[in-house]
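The structure appears right after this line, and notes come after that.
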Amino acid sequence: MSEALAQRPTPADDHATEVFLGHRELLFSVVYNMLGSVSDTEDVLQETWLAWARHSSKPVRDEIDNPRAYLVRIAVNQALTRQATISRRRETYVGPWLPEPLMTQTPDAHDHAQAAGAADAAESAERNESVSMALLVVLETLTPLERAVFVLREVFGYSHAEIAEILGRSTSAIRQLAHRAREHVQARRPRYQADPEVRQQVTERFLAAALGGDLAGLMSLLAPDVTLWTDGGGKAPSAMRPVLGRDKVARTLHGYAGNSRQPQLDIHYRHVNGDPSAVVFSGHSPYAVMIVDVNRDTGQVTDVYLVTNPDKLQGVRLDKGEAADGAPGRTPTARGAGPAQGRRATADPGAAG
């Protein structure tokens, strides 16, 4: 009896859970932009939740005046610590590394989900360029500290002084880091991206040509300096380095399509990292995620991001009630069940199941 009473959640526990869940979407977005990995982001949020729960169990005199600032500071610094583990993992990674695809909702679907109160933190994360595959690839070329400053400043609008407090640096040092990161990103990020409707149309034509063996049609859609990024992680077919140039990219994709071992594939058009994308399934299992960047002026494909590593496709699922060979879907599947309410702090209450 006494043991059961000891484990019963208190009003303080409920309040701590409520506060954390109220900021979880922001924390997810910040950390994912810093790491480019959904699984690592969930681990960081778990550590953040545990730190928050431990502090919330302290006496009232230790109450935090600004929970949002406190949680962001914990999450950002946990993410920076996590970067060391990720860097070691990259040293043995086979082939190019791409960010883990994040299934996001179309604007209409997102608005409907918000009205229903059913959007998961991962799905309702920022749906603009802040999580686009193209920008995340560019952010990979920054140092971890530069990336943290860029994300906080350029994506989420924190002031230099606020970032200095989060990272424990001087404001002048943060200002220099922000300037350097911004110049680096501006020199490398796509500047003339086509609107989403055009990208959707080009994506569909591109896949029809690639999977249909239409080499001439494929060549006409590719920009002369197109780059193909493939991430199989040594567990799925992929090129060992980025493929450069229209001819090489077309022939590489033509070779993939002509592979006799290729299973029967079903294509569903979704939004991934905020962009119109193609999600390819083999039966009920995800086979690949493909995102293309399109030049606004020419309508040609400038970059192709193809993720086939099964470890990075675990959050990709068919929509509820959608057959494996059904019509192309446009609304992403929820990543997991809702938050676990009313339990004493042992795990992140908003983590996907």
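The values are calculated or read from the model by the stated rules, or taken from the named source; none is laboratory data. Here the structure is a predicted model, which means the values were calculated and not measured. Because the Cβ atoms are built from the backbone with ideal geometry, glycine has one as well, and the counts that use them run over all protein chains shown. With ligands, DNA and RNA removed, areas are computed over all heavy atoms of the protein, side chains included. Shrake-Rupley method; radii C 1.70, N 1.55, O 1.52, S 1.80 Å.
What number of residues within the stretch 212-233 are part of a helix (DSSP H, G or I) and buried (at least 18 other Cβ atoms within 10 Å of the Cβ)? Walk me through it before giving the result.
Within the stretch 212-233, the first condition is being part of a helix (DSSP H, G or I), and the residues that meet it are 215-221.
Still in the list and also buried (at least 18 other Cβ atoms within 10 Å of the Cβ): 218, 221.
Residues flagged as part of a helix (DSSP H, G or I) and buried (at least 18 other Cβ atoms within 10 Å of the Cβ) within the stretch 212-233 amount to 2.
Does Gly157 fit the bill of being at positive phi and without any contact (Cβ under 8 Å) to a residue 12 or more places away in the chain? Even if it seems obvious, please write down each step before you answer.
Details: at positive phi: yes; without any contact (Cβ under 8 Å) to a residue 12 or more places away in the chain: yes.
Answer is yes for this residue.
Among the residues of the stretch 66-82, write down those that are among the hydroxyl-bearing types (Ser, Thr, Tyr) and closer than 11 Å to Pro144 by Cα. Give the derivation first.
Within the stretch 66-82, the first condition is being among the hydroxyl-bearing types (Ser, Thr, Tyr), and the residues that meet it are 70, 81.
Listed by number, the list holds a single entry, Thr81.
Can you pull out the helices (runs of 4 or more DSSP H) entirely within the stretch 35-137 that have at least 2 residues that are under 21 Å from Glu25 (Cβ atoms) and either modelled with pLDDT of 90 or more or in contact with an Asp or Glu (Cβ under 7 Å, 6 or more places away or on another chain) (or both)? First the steps, then the outcome.
Working: elements: 38-56, 67-91, 107-116.
Result: 38-56, 67-91.
So, in the stretch 148-177, exactly how many residues are small (Gly, Ala, Ser) and more than 25 Å from the chain's Cα centre (by Cα)?
So the count comes out to 6.
So how many residues does the stretch 150-176 have that are closer than 25 Å to Asp303 by Cβ and open to solvent by less than 20 Å² (accessible area, probe 1.4 Å)?
The qualifying residues number 2.
Taking the stretch 243-268 on its own, how many of its residues are outside any helix (DSSP H, G or I) and modelled with pLDDT under 95?
Within the stretch 243-268, the subset outside any helix (DSSP H, G or I) is 243-245, 258-268.
Those still in the list that are modelled with pLDDT under 95 too: 258-268.
Counting residues in the stretch 243-268 that are outside any helix (DSSP H, G or I) and modelled with pLDDT under 95 gives 11.
Only residues that are assigned to a loop (DSSP other than H, G, I, E, B), farther than 19 Å from Tyr70 by Cα, modelled with pLDDT under 95 and of a type outside the set (Phe, Trp, Tyr): list them for the stretch 140-193, please.
As a first pass, look at the stretch 140-193 and keep what is assigned to a loop (DSSP other than H, G, I, E, B): 140-143, 156-159, 168-170, 189-192.
Imposing the further condition that a residue be farther than 19 Å from Tyr70 by Cα reduces the set to 140-143, 189-192.
After this cut, where a residue has to be modelled with pLDDT under 95 as well, the list is 140-141, 189-192.
Within the stretch 140-193, Glu140, Thr141, Arg189, Pro190, Arg191 meet the criteria.
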